[in-house]
Amino acid sequence: MSATYDEVLISLGLEPSTLPRHAKCGTPSGYNRHYQRGEKPCQDCVDGRAAYRKAYRAAPKDPSRLPPITHGTSSGAHQHWYRGESPCDACRDAYNTACRPAKRADARRRRAAA
């Protein structure tokens, strides 16, 4: 005989689970439930997931969870931009130096095509 999860909790003297048994439509979890079942998500779930992703992308980044910036490198400039900051002078100079050959090659191509 197989006992349900709630029956096991009660036998251990704990309260049964009050969590919903499945994800509700209109939430990112509801969208994932549709996806995992191979179903086309309902419009409520599509809208709920879109709102969640928009809010997630707009939320400020927590600097304590990000790796430190490698100043003086072109990747340091990208790290500044990812955080929504302007690059420091050292990172901007490194980025410009790294991109200069590509910019010159593009200019040469444009002149040759004209």
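For the reader, a short list of remarks on this structure follows.
- Out of Cys99, Cys42, sole residue that is modelled with pLDDT under 90 and either at negative phi or surrounded by 10 or more Cβ atoms within 10 Å (Cβ to Cβ) (or both): Cys99
- Test: residue in segment 63-70 that is of a type in the set (D, E, K, R) and in contact with a Lys or Arg (Cβ under 8 Å, 6 or more places away or on another chain): no
- Any hit, segment 13-27, residues being surrounded by 10 or more Cβ atoms within 10 Å (Cβ to Cβ) and not in a loop (DSSP other than H, G, I, E, B): no
- From the options Ala105, Ala112, Ala50, Ala94, residue that is outside the structural domain of Cys25 (by TED's automatic domain parsing), small (Gly, Ala, Ser) and surrounded by 11 or more Cβ atoms within 10 Å (Cβ to Cβ): Ala94
- Restricting segment 53-65 to residues that are surrounded by 10 or more Cβ atoms within 10 Å (Cβ to Cβ) and within 12 Å of the chain's Cα centre (by Cα), the residue that is nearest to Tyr31 (Cα to Cα): Arg53
The values are calculated or read from the model by the stated rules, or taken from the named source; none is laboratory data. The structure presented is a predicted model; accordingly, all values stated were derived computationally and were not measured. Ideal geometry is used to build each Cβ from the backbone, glycine not excepted, and the neighbour counts take in all protein chains shown.
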